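Take a look at the structure set out below.
The values are calculated or read from the model by the stated rules, or taken from the named source; none is laboratory data. This structure is a prediction, so every number in the text was calculated from the model and none was measured. Positions of Cβ are backbone-derived with ideal geometry, glycine not excepted, and every protein chain shown enters the neighbour counts. Accessible surface is based on the protein model in full, side chains and every heavy atom, while ligands, DNA and RNA are left aside. Shrake-Rupley method; radii C 1.70, N 1.55, O 1.52, S 1.80 Å.
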Amino acid sequence: MTSDGGIKIPSRLPLLLSHEGVLLPGSTVRFSVDSPRNMQLVSQRLLRGTSLKSTIIGVIPNTRDPEHDTDDLPTLHKIGTAGIAVQVVGSNWPKPHYSLLITGLCRFRVSSLLKERPFVLAEVEQLDKLDQYTTPATEGAAAEDEELGELSKKFYQAAVQLLGMLDMSVPVVAKFRRLLDSLPRETLPDVVASMIRTSNKEKLQVLDAVSLEERFKKALPMLTKQIEGLKLLQKTRKMNPDNEKRVLSVRKGGVFPGRQFNLDGEDEEEDGDDAVALEKKVHGANMPDAALRVCLKELKRLKKMPQSMPEYALTRNYLDLMVELPWSKSTKDCLDIRAARTLLDNDHYAMDKLKRRVLEYLAVRQLKTSLKGPILCFVGPPGVGKTSVGRSIARTLGREFHRIALGGVCDQSDIRGHRRTYVGSMPGRIINGLKTVGVNNPVFLLDEVDKLGKSLQGDPAAALLEVLDPEQNHSFTDHYLNVAFDLSQVLFIATANTTATIPPALLDRMEVLQVPGYTQEERVEIAHRHLIPNQLEQHGLTPQQLHIPQETTQDIISRYTREAGVRSLERKIGAICRAVAVKVAEGHRVTKTEDLIPESPTQQGGKTLSSLSLCVIIRAGTFKHKYNQNTMANIETIKYCIQYIVKIVDQVTVLILPPAIYTSTYNGRVIREFLQMTRLIAV
Ligand code: ADP
C-alpha cells in the first residue's frame, strides 16, 4: 500500500452502497447492511478476506441498492470514501442483516465500474493524501497559500470556541479536544463536520468538496451555526433553569462518531422527559412511604438502564402499575338505609330474608364505618340472583363493583401475583381488580368460592384467607408489587353454590346467607317485573310489540324450565324476543296483523291482541284439544293460537295440519306465519 506518493488505497475497490449515512474521512460510522449486493460484499469480501487490504471498501453515499438482485444498479454518486471495516456484526433477526462499523480513510472518485455482481467492484482514483493523518500537526499545517491559511486558522479558532462551550468532563468532548490538537488542520473540516450536528445533505457537500479550500468554506458555516445554536440554548437555560437537563443531554450526545450534537435534542429528551413524567406521577400517586421508596429506587435503576434492555420494560411496567394503583383514591359512601331498601326492593323480587340481612349489614356499616364484620357469602343454586344482589349493594353504597371469578382457580399466584423474577410475571386478581376500578374501596364479588381448586402451585384458598381477614388485609402484599396494599376499605362479598366444598378455614371467615330457589308464583312475578322488561330493552323491543300474558309465563315455567333460579326462564324469554325482533325487523306492522284478523281485537285477560300475535304459539293442551275436535279452521282457534305463545319443539312435530285447514281461504297466511314462528323458536 505504500509508494513514493504516500499511502495508497487499492485501485480496485468493492463498493458499499449506502443511503443512510455519509462517511467522511476520519470519522467512524455504523452502517446496516441488508440489500443483496451489500450482503454479498460482506460475506464474500469482508468475512472471507484475510489481508488488511480485503477490509478496505469504498462507501458510496446517497445510493439505495435495489431490494432484488435482478434489478439494475442505480446511478452511483461519483465521489465516495474509502474506509476500513473495523467491525462486522451479523444477525438473523428480524431478517438476515449485518451491521458494519467503518472508519473513513480518504476520498476517491469512481473511474469505471468493473462488475455489478455479486457486489459492485470499481476502478477508483484516490483524491486525498492518506499520510496527512499520520503526519504531525506542525508539518501538515503548512498552508499552501494565504487564503487557505487564513481559512484554516479561522476554522481552528471556531472549533476551539465550540470546545469552550462544552463540558470537558464528558469523555467525548475531551477526545474532541485531543483530536483538535493532534490532527493536521487540513483534516479538520472532515472530522468536525462528522462530529457536529449536520444533515446528510451538508455532509455530502463536504464530501464533494475535493479542494481543501472549498471544504473549509463549506464546513465553516456549519461550525458557526452550531456555535450560535449552543449560545442560544445557554441563554434560554439561564432564563429557564429547567432546560439545564436539555443542555446537558446536548453535550452528552455530542462529540463522538456516529452521534452528533443534537440541538433540538428531541430524541434524547424524549427519554429524559419520560422519566421525569414518571417521577412526577410517582410523587403524585399519593402512595405510602414504603411504596414510594421502592418506586424511587426502581426509577433510579430505570434511568440508568438502556431502553433496549429487557429489564427496562419490566421495571417500566412495574412502575406504571404502581402509579396507577388507587393508593388513596376512594369514592364517598352515600348510604341511606331507606333508599337502600327501595333500591333492593326495586331490583329484586322476593328474597326477603336475604334483603333483610343485607340491610342490617348496611345499617351497621352506616353507624360504624370501620366495620370489621364477617364477609357475607350468598349460597344458593345458580340463577337465584346472588351476583345481582352484590351489584345492588355496590349501587346502594355508591361504590364501584368488580367481580372476580374464582371458579377453576387453582394457583395461588392468581390471587397473590407472581414474583417479579419470573418471566411474564403479573399481579394477582385482587391488585388487578383495584387497578381496573381505580378506587381503593370497591365492592369485590368473589364469585364461586366453592369452586376454587388446589394444585402444586399452592392453595388459592389459603391466599384468600389473608385477603378476607380484616385483621390482616390492611397490609396485603401481592408478590408482584412486593409492598403492602391496604385492602381494609374493600367490601368483599362471596358467592357459592354450596358450602360443602368451601375450605373450612375460609368458610369460618364468612357469614353464610342461604338463597333458596323460587316458587312458581315468585318466578312469574320476577319474569314480569324484571326479566321481560330487561329482555325487551336488550332486544330493542317495546311492550307494544311483545306482550307475554301471565298464563304464558306460567306455561313456560312449568313446561320448559326446570330450575331453582330464573336463568333458564330468562333465556326462553330472550328466545321469544329474538323471534319477535326478526318479525319486527322484517316490517310486520300492527295494522298488517290486524288485517289478518278482521274481527275486533279479542280481549283476553284484559289484554289487547295486537302485533304480538305474530309470535304466539299454541299451548299444547289447548291445541290438541281444539285439533281433536277438528275445529282448527275456526277463527277463534286461530286467534287463540296466535294469542298464546308457548315454545315447544315436539308440538311442531305433532302439528300435521289437514289440507283443508291449511288452504282455508282466510287463514292460509296466518297459519304459515305461525309455522314459521314455531320453527324459529324451535331453533
Ligand atoms: P347467580 O349469581 O345466583 O347465579 P344472577 O345474579 O346472575 O344469579 O341472576 C341471574 C338473573 O336473574 C339476573 O338477570 C338477575 O337479575 C335475575 N334475578 C334473579 N333473582 C332475581 C330476583 N329476585 N329479582 C329480580 N331478578 C332476579
### Task
Search the stretch 557-568 for residues that are basic (Lys, Arg) and pair each with any residue that is open to solvent by 50 Å² or more (accessible area, probe 1.4 Å) and within 12 Å of the ligand (Cβ to nearest atom) when their beta-carbon atoms are under 8 Å apart and the residues are at least 6 apart or on different chains.
ARG567/PRO382
## Note on the structure
Log entry, pairs with first residue in the stretch 510-533 being in contact (Cβ under 8 Å) with a residue 24 or more places away in the chain, second being open to solvent by 60 Å² or more (accessible area, probe 1.4 Å) and within 11 Å of the ligand (Cβ to nearest atom), beta carbons closer than 6 Å, six or more apart or on different chains, reads GLU525/TYR349; ILE526/TYR349; ARG529/TYR349
### Query
Here are some conditions: (1) in contact with a helix residue (DSSP H, G or I) (Cβ under 8 Å, 6 or more places away or on another chain); (2) among the polar types (S, T, N, Q); (3) away from the ligand (no atom under 16 Å from the Cβ). GLN489 meets all but one. Which one does it not meet?
(1)
### Query
Can you tell me which residues in the stretch 142-174 are exposed (fewer than 14 other Cβ atoms within 10 Å of the Cβ) and of a type in the set (A, V, I, L, M)?
ALA142, VAL160, MET168
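Listed here are the residues, each with its yes/no results for (1) more than 16 Å from the ligand (Cβ to nearest atom); (2) open to solvent by 30 Å² or more (accessible area, probe 1.4 Å); (3) in a helix (DSSP H, G or I); (4) on the phi < 0 side of the Ramachandran plot.
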site	(1), (2), (3), (4)
ILE493	no, no, no, yes
ALA500	yes, yes, no, yes
GLY517	no, yes, no, yes
GLU570	no, yes, yes, yes
ARG578	yes, yes, yes, yes
### Task
With the checklist (1) assigned to a helix (DSSP H, G or I); (2) closer than 30 Å to THR315 by Cβ; (3) open to solvent by less than 50 Å² (accessible area, probe 1.4 Å) in hand, flag the one item HIS474 doesn't pass.
(3)
### Query
Does VAL439 fit the bill of being more than 16 Å from the ligand (Cβ to nearest atom), of a type in the set (Val, Ile, Thr) and in a helix (DSSP H, G or I)?
no
### Query
Under 8 Å by Cβ, and 6 or more places apart or on different chains, what pairs join a residue from the stretch 536-551 that is at pLDDT below 90 with one that is part of a loop (DSSP other than H, G, I, E, B) and β-branched (Val, Ile, Thr)?
ILE548/ILE645
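Take residues that are open to solvent by 50 Å² or more (accessible area, probe 1.4 Å) and tell me which of the strands (runs of 3 or more DSSP E) falling wholly in the stretch 13-128 contain 3 or more.
The qualifying strands (runs of 3 or more DSSP E) are 79-91, 97-115.
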### Task
Pull up the stretch 389-424, narrow it to residues that are under 21 Å from HIS479 (Cα atoms) and of a type in the set (Asp, Glu), then point me to the one that is farthest from the ligand (Cβ to nearest atom).
ASP411
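For every residue, the table says whether it meets (1) open to solvent by 10 Å² or more (accessible area, probe 1.4 Å); (2) part of a loop (DSSP other than H, G, I, E, B); (3) within 16 Å of the ligand (Cβ to nearest atom).
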{"position": "SER330", "(1), (2), (3)": "yes, yes, no"}
{"position": "LEU335", "(1), (2), (3)": "yes, yes, no"}
{"position": "ASP345", "(1), (2), (3)": "yes, no, yes"}
{"position": "VAL364", "(1), (2), (3)": "yes, no, no"}
{"position": "CYS377", "(1), (2), (3)": "no, no, yes"}
{"position": "THR387", "(1), (2), (3)": "yes, no, yes"}
